[in-house]
Amino acid sequence: MTTAPEFTLCEQLIVAASEAWRANGELVATGIGPAPRLAAGLAKLTHTPELMMTDGEAYLVEDPVPLGPRGYDDRKAAGYLPFSRFFDAAVWSGKRHAMVTPSQIDRFGQTNISYLGGTYDQPKVQMLGARGFPGNSICHINSMFVPAHSKRVFVEGEVDMVSSVGYNPARRTPGVNFSRVDLRLIVTDLCVMDFGGTDNAIRVVMLHPGVTFDQVQEATGFALEAASEIKSTPAPTAEQLAIIARLDPHGLRATVLKDNPAGKRS
Amino acid sequence: MNKQLTIEEFVASLKSGMTIGIGGWGPRRKPMALVRAILRSDLTDLTIVAYGGPDVGMLCAAGKVKKLIFGFVSMDAIPLEPYFRKSREAGTLDILELDEGMLQWGLKAAAFRLPFLPTHVGLGTDVMTHGNFKTVQSPYDDGEVLLAMPALKLDAALIHVNRADRLGNIQALGPDTYYDEWFARAADRTFVSAEEIVDRMDHSYPEDARANIVERCFVHGVVEAPLGAHPTSMPPAYGWDMKHLKSYADSAREDGGWDAYVADMIGADEAGYLGRVGGKDAVAALPLPIF
């Protein structure tokens with residue numbers, strides 16, 4: 001494998017994000033949004049072919065479905081996993097690893113996509129509602145993709161409405177089985193983090209070339225831990241870039257990060 | 001036995017204050033002709049239970065909703081439903097916000113005539129705290145504490161399918177049936193609108209009997225409503241009308257936008273509606289959405 005001459009930061013993040021699914025085995029890899037979806041496809045087409053994936057509608061596919069306009073019947077169904085079976089077969093059974101982009105994330109890994117500010121009865125900004133986050137977080141593996149690392153996302157206190165379970169001891173109702181809460185990676189435009197710190201604290205494990213730990217800390221509303229050895233995020237290989245380009249024929253990945261910056265080698 | 005109703009008979013059989021479940025998912029296979037009939041009526045104070053899309057937004061905009069029980073409200077390509085958002089930010093709705101899985105679980109509890117069903121889902125989140133859900137402890141050796149999802153009993157359920165017969169046999173031909181069957185079984189009365197109504201399904205489409213998503217004892221009225229899912233998607237027949245949904249969403253930013261939408265689009269009846277939104281042929285030709 002040769003290292004490609006040119007790449008964008010977004011492509012570098014997609015490659016880093018695809019690592020979340022490495023060796024996950026036979027489960028449904030769900031990437032919500034263009035970059036996580038490309039990362040899931042890349043994982044399946046490179047290091048973890050046993051991953052399962054849907055066409056975004058109702059069918060399981062073995063060839064990840066490219067982003068954007070295409071012929072409706074271009075995707076070839078290998079199996080069937082409609083929403084009507086999704087909780088039975090993927091979520092509640094733990095056969096899934098989703099990567100999502102929450103609006104807020106706190107130090108405990110709790111996230112919010114429901115509303116910002118105000119109260120439950122009268123929110124300042126209404127968003128989607130909790131969707132499947134409560135169930136996802138207590139039943140299966142989850143990771144996160146954050147295209148603009150900032151204190152607005154990584155908030156100082158608790159998120160405004162806890163839509164997904166994290167590792168907050170104050171919310172661990174006695175007698176409840178939280179053993180399946182399994183938060184893996186957070187990939188941002190500055191770094192890669194995991195939950196390997198003290199008591200599952202969020203920890204920086206990789207910095208993108210040119211980014212310092214202090215810079216990440218400065219953009220985060222809570223104290224971060226650092227892995228004993230922080231790695232530099234690798235550059236994509238030519239093979240990885242070719243797969244990403246094939247899965248994104250309309251170039252939607254160019255819109256994920258503000259101004260679509262170039263990636264850097266360490 | 002003949003369960004066929006006119007759309008006027010359907011809406012006359014509902015009452016203000018009812019709890020009404022709406023099938024479909026976001027902007028997909030929503031019984032929009034039935035929803036528009038409610039918009040044209042003087043029904044009010046409704047409790048709506050849904051995986052919401054423009055159905056929920058329009059009912060909120062029209063002031064029909066007292067309480068909303070939802071897992072999300074979204075139009076997919078337009079992620080935030082503007083009229084739902086307005087109602088929420090104005091603080092005018094009573095709500096019960098659920099996880100998507102909890103919603104179908106509550107429908108199943110109602111269908112099975114159980115007071116609740118246990119689940120892990122919701123525990124540890126604000127869905128639990130804001131919703132005032134109670135827990136139960138497993139009586140077995142594990143002793144696990146679980147959330148008790150109460151039954152979501154419906155007075156009426158509304159769904160839209162491709163075909164129905166006068167006996168209440170229905171067929172939904174699309175790739176996903178969502179939770180429509182559970183809305184139907186959770187309801188005292190289920191009203192189904194259909195693209196096409198035949199006398200007897202076994203005489204017309206016996207080869208598609210596996211598309212019968214819910215048994216006819218759970219279907220109380222069938223209403224003929226060709227293109228009745230517009231502007232939401234109705235696979236394999238036609239796709240959603242994103243151009244229409246966009247102009248609907250844009251109307252929320254204008255003063256009097258909703259009233260204009262009602263006057264210009266909803267109008268007095270479905271025949272006129274289809275003309276106003278571009279005509280039957282144009283709606284029938286809308287391409288299926290790509291995900």
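The values are calculated or read from the model by the stated rules, or taken from the named source; none is laboratory data. The shown structure was predicted, so the numbers you read here are calculated from the model rather than taken from an experiment. Because the Cβ atoms are built from the backbone with ideal geometry, glycine has one as well, and the counts that use them run over all protein chains shown.
Can you pull out the residues in region A:25-76 that are at the interface with another protein chain (Cβ under 9 Å from one of its Cβ atoms) and hydrophobic (A, V, I, L, M, F, W, C)?
Those that are at the interface with another protein chain (Cβ under 9 Å from one of its Cβ atoms) and hydrophobic (A, V, I, L, M, F, W, C): A:ALA58, A:VAL65.
Suppose we keep only residues that are among the acidic types (Asp, Glu) and assigned to a helix (DSSP H, G or I) within region B:52-100. Which one would you say is surrounded by the most Cβ atoms within 10 Å (Cβ to Cβ)?
Residues of region B:52-100 among the acidic types (Asp, Glu): B:55, B:76, B:81, B:89, B:94, B:97, B:99-100.
Next cut, assigned to a helix (DSSP H, G or I) only: B:55, B:89, B:100.
Values: B:ASP55: 28, B:GLU89: 17, B:GLU100: 26.
Here the answer is B:ASP55.
Could you pull out every one of the helices (runs of 4 or more DSSP H) wholly within region A:1-97 that has 3 or more residues that are among the small types (Gly, Ala, Ser)?
Numbers: elements: A:9-18, A:34-45, A:83-86.
Qualifying helices (runs of 4 or more DSSP H): A:9-18, A:34-45.
Of all residues being exposed (fewer than 15 other Cβ atoms within 10 Å of the Cβ) and in a loop (DSSP other than H, G, I, E, B) in region B:270-290, which is nearest to the other protein chains (Cβ to nearest Cβ)? Just the residue, please. I'd like the intermediate steps shown before the answer.
Residues of region B:270-290 that are exposed (fewer than 15 other Cβ atoms within 10 Å of the Cβ), as a first pass: B:271-272, B:275-276, B:279-282, B:285, B:287.
In the following step, the residues that additionally are in a loop (DSSP other than H, G, I, E, B) were identified as B:279, B:285, B:287.
Values: B:GLY279: 23, B:ALA285: 14, B:PRO287: 7 Å.
Result: B:PRO287.
Which ones in region B:189-211 are outside any loop (DSSP other than H, G, I, E, B), charged (D, E, K, R) and surrounded by fewer than 14 Cβ atoms within 10 Å (Cβ to Cβ)? Spell out the reasoning first.
To start, the set of residues in region B:189-211 that are outside any loop (DSSP other than H, G, I, E, B) comprises B:189-198, B:201-204, B:206-211.
Narrowing the set further to residues that are charged (D, E, K, R) leaves B:189, B:195-196, B:202, B:207-208, B:210.
Selection gives B:ASP202, B:GLU207, B:ARG210.
Any idea which residue in region B:101-144 is nearest to the other protein chains (Cβ to nearest Cβ), counting only those that are outside any loop (DSSP other than H, G, I, E, B) and without any contact (Cβ under 8 Å) to a residue 12 or more places away in the chain?
Narrowing region B:101-144 to residues outside any loop (DSSP other than H, G, I, E, B): B:101-111, B:116-119, B:126-131, B:134-137.
Add one more test, that the residue is without any contact (Cβ under 8 Å) to a residue 12 or more places away in the chain, and what stays is B:126, B:129, B:137.
Working: B:ASP126: 4, B:THR129: 8, B:GLN137: 6 Å.
Only one residue fits best here, namely B:ASP126.
Give all pairs with beta carbons closer than 8 Å in which a residue from region B:171-197 that is more than 12 Å from chain A (Cβ to nearest Cβ) meets a residue that is hydroxyl-bearing (Ser, Thr, Tyr); count only pairs at least 6 apart in sequence or on separate chains.
B:GLN171/B:TYR205; B:ALA184/B:THR190; B:ARG189/B:SER13; B:PHE191/B:SER13
Test A:THR101 against the criterion of being β-branched (Val, Ile, Thr) and under 24 Å from B:SER87 (Cα atoms), and give yes or no. Steps first, please.
Working: β-branched (Val, Ile, Thr): yes; under 24 Å from B:SER87 (Cα atoms): no.
Taking the combined requirement at face value, the residue does not satisfy it.
Going residue by residue through region A:32-52, is there one that turns out to be of a type in the set (Val, Ile, Thr), within 30 Å of A:SER150 (Cα to Cα) and at pLDDT 95 or above?
Restricting attention to region A:32-52, the residues satisfying the condition of being of a type in the set (Val, Ile, Thr) are A:32, A:46, A:48.
Adding the requirement that they be within 30 Å of A:SER150 (Cα to Cα) leaves A:32.
Next, from what is left, pick out any that are at pLDDT 95 or above: A:32.
Taking every residue of region A:32-52 in turn, at least one turns out to be of a type in the set (Val, Ile, Thr), within 30 Å of A:SER150 (Cα to Cα) and at pLDDT 95 or above.
Take the conditions buried (at least 24 other Cβ atoms within 10 Å of the Cβ) and away from every other protein chain (no Cβ under 11 Å) and apply them to A:PHE133. Does it pass? Outline the logic, then answer.
Values: buried (at least 24 other Cβ atoms within 10 Å of the Cβ): yes; away from every other protein chain (no Cβ under 11 Å): no.
It is false that A:PHE133 is buried (at least 24 other Cβ atoms within 10 Å of the Cβ) and away from every other protein chain (no Cβ under 11 Å).
Go through region A:141-166 and give me each residue that's surrounded by fewer than 21 Cβ atoms within 10 Å (Cβ to Cβ) and within 10 Å of chain B (Cβ to nearest Cβ).
Result: A:GLU158, single match.
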